[in-house]
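Remarks on the structure that follows.
Nothing in this text is a laboratory measurement; each read-out follows from the coordinates by a stated rule. Predicted, not measured: the structure shown is a model, and the values here were computed from it. Neighbour counts run over all protein chains shown; Cβ positions are idealised from the backbone, glycine included.
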Amino acid sequence: MSSNIWVIVAFIIYAAIMIFIGAVFFKRSNNLSDYFLGGRRLNSWVAAMSAQASDMSGWLLMGLPGAVYAFGTGQLWIAVGLAIGTALNWVFVAKRLRRYTIVAKNSITIPEYIENRFKDSSRILRVAAAIFITIFFAVYAASGFKAGGTLFSQLFGMDYNVALLIGVAIILVYTFLGGFSAVCWTDLIQGLLMLVAIIAVPIIALAALGGMDGVSAVVQSQYLDPLDDGSGSRITAISIISQLAWGLGYFGMPHILVRFMAIKSEKAVTKSAAIAIIWVLFTLTFAIIVGIIGLAFTPNLENPETVFISMIQGVFLGEGAYLGLPLLGGFFICGILAAIMSTADSQLLVTASAITGDIYKTAVKKKASDKHYVWVSRIAVIAIAVIAFFIALDQTSNVMGLVSNAWSGFGSCFGALILLSLYWRRINRAGGAAAIIAGGLTVIIWDYIPFGGSTIAASTELYSLVPGFAISLVFGIVISLLTKPPSEEITEEFDRVQKPLAEDQA
């Protein structure tokens, strides 16, 4: 039996498990809280693995190893920023956001929380936030679809468009069926599979090379210098700042924040944080190692983002494979699919929640049954998947670029606002609106509008998340101070959230 047949067998088993989980939770998703938040019943392991698996995406197993493969360890500063951002997000945001969303009328989406936090009866904040989420998540989901299309195309030599369609279909089925609970439980499996794959494969590849001597014979010393930019020049301070700044994005990522909201208790949050931080440290470290060992194990790749796929093929698949265990190789390939699916499903679901709960229910049909809203949400999942599919059809784009654009957008729109809403008593509705709009517009102007033939991003080489987050923070503070203070009801609610809720103290 050929290696490809074994890989197909592994894919079928894996996809069947994911779809089965979706079917199990299909009948349990009877209302919006169930479909979008799992009824706030996530245990520590599911919450932690779901948050981190949905965070890292195909970027972890394709984007980051590919960047290191192409340019050297000067790319590791992104990983450092993400590790720091992950830890800070769990420590400073998770408990308080969970607590505040319960107190603020049991909010089940980030836009709804923003509306309830500021008692915004106009609903402008909620709709504006939902629109930004829909725009940026369409791009973000496209990055996952792009990674899936690349994976299937390289493995089976099929047309990229056909490969893309297959990947989208698998993700769509179980997300459509089971909603948040299905996504989180599949993320648990996917997160564990990603961890095993990214640790085991480079270790075995290193053994095939005969240890570090085999790597050092190919990899030049400058490649291992974290202060080298990949061309023999020293990496600039702006480049390091830009890469570290990726950590700021965590505070504004709706698909990660919603996991905090869904954890069953504050005690479970503490355990989840430890699990999540350990997982992130291991996976990011080994993603960098994949890029380093990959340069020696599979040199001269046309597409650096396929280094992990090529490494698995060289170790497990084909006639000249080091171990020649195609079924095991197939399951490790599924680890890449897991990274892709675990983020794309969350992106589709959070976007559907924004469209249904924050736009449709707010501005179109205010009174309908929960069953009606759940089915509208399922239709929204399909609609966003179609839009992301067409974005991903552009083969000139890359996973890293798509993720970078969406990450900056979310971090700039919501990052500073979430922190201010949780920790600053004085912020008001006007300041909240200013933070969202200023952050979002800064990214659009910085990245997409040319001045004198070049965008500001290209001219300065500074990642748009840096000015986007900073300007959002400044506008949020200044506009709040220049306008009317929040009402006594809002400040009393803020004070109540500073201590654990009664049910969490029991």
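Which translational diffusion coefficient, to the nearest whole µm²/s, is obtained for the stretch 298-366 from the Stokes-Einstein equation, given a Kirkwood hydrodynamic radius over C-alpha pairs, 37 °C and 0.692 mPa s?
Result for D is 221 µm²/s.
In whole Hz, with x marking every Gly and Pro, tabulate ³J(HN,Hα) for the stretch 326-337 from phi via Karplus 6.51 cos²θ - 1.76 cosθ + 1.60, θ = phi - 60°.
x, 5, 5, x, x, 5, 5, 4, 4, x, 5, 4
From the Cα gyration tensor of the stretch 224-335, with a ≥ b ≥ c the square roots of its eigenvalues, which class applies: rounded if a/c is under 1.5, or else prolate if a/b is larger than b/c, or else oblate?
It is oblate, given that a/c is not under 1.5 and a/b is not larger than b/c.
For residue 243, what is the net charge nearby, where nearby means another residue's Cβ is under 12 Å from its Cβ and Lys, Arg count +1, Asp, Glu -1?
Overall, the nearby charge balance is -2.
Rounded to two decimals, what ratio of Rg to Rh does the stretch 68-174 give with C-alpha atoms and a Kirkwood Rh?
Across the stretch 68-174, the Cα-based Rg/Rh ratio is 1.12.
Using the Karplus curve 6.51 cos²θ - 1.76 cosθ + 1.60 with θ = phi - 60°, work out ³J(HN,Hα) for each residue of the stretch 230-237 in order, rounded to whole Hz, and write x for Gly and Pro.
Here the 3J(HN,Hα) series is x, 10, x, 9, 6, 5, 7, 5 Hz.
Given Cβ point charges of +1 (Lys, Arg) and -1 (Asp, Glu) and nothing else, what value in debye, to the nearest 20, does the dipole of the stretch 371-506 about its Cα centre take?
The dipole magnitude comes to about 200 debye.
Under a Cβ-Cβ cut-off of 12 Å, what is the net charge of the residues other than residue 90 that fall near it, where Lys and Arg count +1 and Asp and Glu count -1?
With Lys, Arg at +1 and Asp, Glu at -1, the neighbours total +4.
Have a look at 186, 336, 284 and report the one farthest towards the positive end of the charge dipole of the chain, computed about the Cα centre with Cβ charges (Lys/Arg +1, Asp/Glu -1).
186
Any idea what the dipole of the chain comes to, in debye rounded to 20, about its Cα centre with Lys/Arg Cβ at +1 and Asp/Glu Cβ at -1?
I would put it at about 2060 debye.
Using the crude model of +1 on Lys and Arg Cβ and -1 on Asp and Glu Cβ, and no other charge, please compute the dipole size for the stretch 73-206 relative to its Cα centre, in debye to 20.
Once rounded to the nearest 20, the dipole reads 680 debye.
Charges on Cβ only, +1 for Lys and Arg, -1 for Asp and Glu, centred on the Cα centroid of the chain; of 322, 497, 478, which one is farthest towards the dipole's positive end?
Looking along the dipole axis, the top candidate is 497.
Find the centroid of the Cα atoms in the stretch 128-178 and in the stretch 231-292, then give the distance between the two in whole Å.
Their Cα centres are 22 Å away from one another.
Contact order normalised by length for the stretch 158-302, with contacts defined as Cα pairs under 8 Å and 6 or more residues apart; what percent is it?
RCO, the stretch 158-302: 37 percent.
Add -39500 (n - 2.57) for each DSSP H run of 4 or more in the chain, then divide by its residues: what number comes out at 222 nm, to the nearest 500 deg cm²/dmol?
-23500 deg cm²/dmol
HN-Hα J couplings of the stretch 460-477 from phi, Karplus 6.51/-1.76/1.60, θ = phi - 60°, integer Hz, Gly and Pro as x?
9, 6, 9, 4, 4, 5, 5, x, x, 5, 5, 5, 4, 4, 4, 5, x, 6
If you consider only alpha-carbon coordinates, what radius of gyration and Dmax does the chain have, in Å?
22.3, 73
Rank these for me by crowding, 160, 69, 140, 360, going from fewest to most other beta carbons within 10 Å.
By the 10 Å Cβ count, ascending, the order reads 160, 360, 69, 140.
Among 359, 231, 256, pick out the residue whose Cα is farthest towards the positive end of the charge dipole of the chain, where Lys and Arg carry +1 and Asp and Glu carry -1 on C-beta, about the Cα centre.
Checked the options; the winner is 359.
Please state, to two decimals, what the Cα-based radius of gyration of the stretch 37-110 comes to when divided by 2.2 N^0.38 Å (N = residues).
1.41
Counting only residues 5 or more places away or on other chains, whose amide H sits under 5 Å from the amide H of residue 228 once H atoms are built in the peptide plane?
The answer is 74, 235.
In whole percent, what relative contact order does the chain give with Cα contacts below 8 Å and a gap of six or more residues?
After rounding, I find 30 percent.
Find out how many positive minus negative residues lie around residue 118, taking Lys and Arg as positive, Asp and Glu as negative, among other residues whose Cβ is under 15 Å from that of residue 118.
Charge balance near residue 118 sits at +1.
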